[in-house]
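K.L.:
Sharing a structure, written as structure tokens. Questions coming.
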Amino acid sequence: MIRFSPGRLALVALLWLLASCASLKSSSPVTTILISIDGTHPKHLARLSSGTIRGLIDAGVQAEALLPVFPTKTFPNHYSQVTGLYPSGHGIVGNRMYDTVTNKRFDIADRVAKQDSSWWWGEPIWVTAAKQNVKVATMFWPGSEAEIQGYTPFFWRPFDYQFKSAQRVDQVLQWLDQEPDLRLVTLYFEESDVAGHLHGPTSPEFFQALQRIDGHLGALLSGLEERNRLSRTNIVIVSDHGMADTSAKRIVCLDDFVDAESQWAGKSPVLMLWPKDEETVTKLRQAHPHVKVYGEAEFPAHWRLTDNQRVAPYVVVADEGWTMYNACKIGVPKINPGDHGYDNALLSMRGLFVASGPSFKNKVNIPAVNAVDIYELLCHLLSIKPAKNDGSLSAFSKALRDLDAAEAP
Ligand code: AMP
Ligand code: ZN
Ligand code: ZN
């Protein structure tokens, strides 16, 4: 495998700079690879002082953060990034959901539910692209396993956590060989999220997972370079949310407050509740000072949670770092040292955004961007017309070459 030393990355940056001038004039299309490093906060990247990601940051654009949507879970956030919609609009309001109209339940581990189109509202980027004859492949991404509006990505695979990160990189390169005209490919890594949950976000194991992912990205860039594609490839790296330190010392036992007659959806630290009666709510509100129960009228504005068949009249959220459990009487389980799902305004829940390539300027820092802005950015990079969405391209005006009056052709 070719390793990307700082000098080599400077060369890559130069290649991208030259290519950006050339590609604006020539018709050679640029491909974008959208990479998600699940559960990674920008401050974690700051600990990578060398390597591929560091080189990409130094060569390109880094946002202060990527502001996640509520709840700060994997499925709602990844699907907001590719649709530009808040969860109430795209329908994926949690990793686990209950739909009061269809009476169906959704769980990210349930393949039948994931492939059931009725869960997925809105228009993900691969559907917007397919409608405009632009090819997109997904090396895993929430939503990509269902047919949406009659479309699937050009290439996709059913999610399989055993399909290793290195195989995912190889698959992306193979797809590019098979169909050189792919304009967008997504690539998903969960090693970081798994290590963050099991060992905590400040653990050596989490850092090692990031270093492994950094190595996979090095292999990706090498593969692109071997194919003479690197100079016309944009690399956009995001994460869906950050990770908070949790502890067995911060557990809330809800045994006496979770009744079987009420309808529940979700898992700590965020639950949706359709209570059987007001008494359930009153009791729950008094359950513990580190658990908050919000009625619909009290939902914080930044959640953007609006009434629909999957948004319960009550949302129960633990304070940062606290874990709710409902069977302590049977025995308190081992509590993982890391978790997310908390209020999206918390600094610890922030995600990351880094981008490098011919469409991006060099060495630019921009303020925080919203998860819903990613769809607009991708549509812009693919030169396709976006569907109606909640995002905006304006956050990237200082990051994109063609939006900068001084550099535009
Ligand atoms: P979370 O509980 O929100 O941290 O979810 C992260 C986990 O979701 C990862 O560890 C993955 O195993 C899993 N995951 C990610 N993408 C998918 C997918 N497309 N289908 C099923 N599970 C997924
Ligand atoms: Zn996640
Ligand atoms: Zn997670």
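K.L.:
Please list, ordered by chain and number, the residues whose modelled amide H lies under 5 Å from the amide H of K104; skip anything fewer than 5 residues away on the same chain.
P.N.:
So K104 has HN proximity to D99.
K.L.:
Find the relative contact order for the chain and round it to a whole percent, using C-alpha pairs within less than 8 Å whose residues are 6+ positions apart.
P.N.:
Rounded, it is 29 percent for the chain.
K.L.:
Next question, about the same structure. What translational diffusion coefficient, in µm²/s and rounded to a whole number, does the Stokes-Einstein relation yield for segment 61-114 at 20 °C and a viscosity of 1.002 mPa s, taking the hydrodynamic radius as the Kirkwood radius over Cα pairs?
P.N.:
177
K.L.:
I need the peptides 347-359, 303-315 ranked by packing, meaning the mean over residues of other C-beta atoms within 10 angstrom, with the highest value on top.
P.N.:
Going from most to least packed, we get 347-359, 303-315.
K.L.:
Could you give each residue of segment 174-179 its phi-based ³J(HN,Hα) in whole Hz, using Karplus coefficients 6.51, -1.76, 1.60 with θ = phi - 60°, and x for Gly or Pro?
P.N.:
Whole-Hz 3J(HN,Hα) from phi for segment 174-179: 4, 4, 5, 5, 5, 9.
K.L.:
Quick check on the chain: what are the equivalent-ellipsoid semi-axes from the Cα gyration tensor, as sqrt(5λ), descending, whole Å?
P.N.:
Result for the chain: semi-axes of 38, 23, 19 Å.
K.L.:
Let me ask something additional. If we sort 103-110, 288-295, 52-59, 319-326 on the protection proxy, mean other Cβ atoms within 10 Å, highest first, what's the order?
P.N.:
Packing proxy ranking, top to bottom: 52-59, 319-326, 288-295, 103-110.
K.L.:
According to a simple spin-label model (label point 7 Å from Cα along Cα-to-Cβ), what is the distance in nm between D177 and S397?
P.N.:
For the pair S397/D177, the computed spacing is 4.4 nm.
K.L.:
For the cross-link pairs K267/K334; K363/K398; K104/K135; K249/K292; K104/K267, which exceed 21 Å when the distance is taken from alpha carbon to alpha carbon?
P.N.:
Table pairs above 21 Å Cα-Cα are K104/K135.
K.L.:
Given H placed 1.01 Å from N in the peptide plane, which residues other than close sequence neighbours of D390 have an amide H under 5 Å from its amide H?
P.N.:
L85, Y86
K.L.:
Using only Cα atoms and rounding to the nearest 10 degrees, what angle (0 to 90) does helix 74-83 make with the longest principal axis of the chain?
P.N.:
On a 0 to 90 degree scale, this one is about 50.
K.L.:
Can you work out ³J(HN,Hα) from phi for every residue in segment 124-135, in order, using Karplus 6.51 cos²θ - 1.76 cosθ + 1.60 and θ = phi - 60°, giving whole Hz and x for Gly and Pro?
P.N.:
Whole-Hz 3J(HN,Hα) from phi for segment 124-135: x, 3, 5, 7, 3, 5, 4, 4, 10, 6, 10, 8.
K.L.:
Could you sort 159-170, 137-148 so that the peptide with the highest average Cβ count within 10 Å comes first and the rest follow in order?
P.N.:
Per-residue Cβ counts within 10 Å, averaged per peptide and sorted highest first, yield 137-148, 159-170.
K.L.:
Using just the alpha carbons, could you tell me how many Å³ per residue the convex hull of segment 256-409 encloses?
P.N.:
Convex hull volume per residue, Cα atoms: 160 Å³.
K.L.:
Name the long-range amide H neighbours of I366: under 5 Å, sequence gap of 5 or more, or other chain; modelled H, no Pro or chain starts.
P.N.:
Excluding prolines and chain starts, which carry no amide H, the hits are Q62, A63, E64.
K.L.:
How high is the relative contact order of segment 267-409, in percent, with contacts defined as C-alpha pairs under 8 Å that are six or more residues apart?
P.N.:
Computed value for segment 267-409: 20 percent relative contact order.
K.L.:
Still on this structure: Take the Cβ-Cβ distance between R47 and E205 as r, set R0 to 22 Å, and report the resulting FRET efficiency rounded to the nearest 0.05.
P.N.:
0.95
K.L.:
Considering only protein heavy atoms and a probe of 1.4 Å, how much of the accessible area of segment 294-354 is carbon and sulfur, as a whole percent?
P.N.:
54
K.L.:
Please report the net charge: other residues with Cβ closer than 12 Å to the Cβ of S348, K and R +1, D and E -1.
P.N.:
Its environment carries a net charge of -3.
K.L.:
Please turn the phi angles of segment 101-118 into ³J(HN,Hα) values with the Karplus equation 6.51 cos²θ - 1.76 cosθ + 1.60 (θ = phi - 60°), one per residue in order, whole Hz, x for glycine and proline.
P.N.:
Once θ is set to phi - 60°, the couplings for segment 101-118 become 7, 8, 6, 9, 10, 10, 9, 5, 8, 9, 5, 4, 5, 4, 8, 7, 4, 5 Hz.
The values are calculated or read from the model by the stated rules, or taken from the named source; none is laboratory data. Because the structure is predicted, anything quoted here is derived from the model rather than measured. Ideal geometry is used to build each Cβ from the backbone, glycine not excepted, and the neighbour counts take in all protein chains shown. We work out accessible area using only protein heavy atoms, side chains counted, and drop any ligands, DNA or RNA first. Shrake-Rupley method; radii C 1.70, N 1.55, O 1.52, S 1.80 Å.
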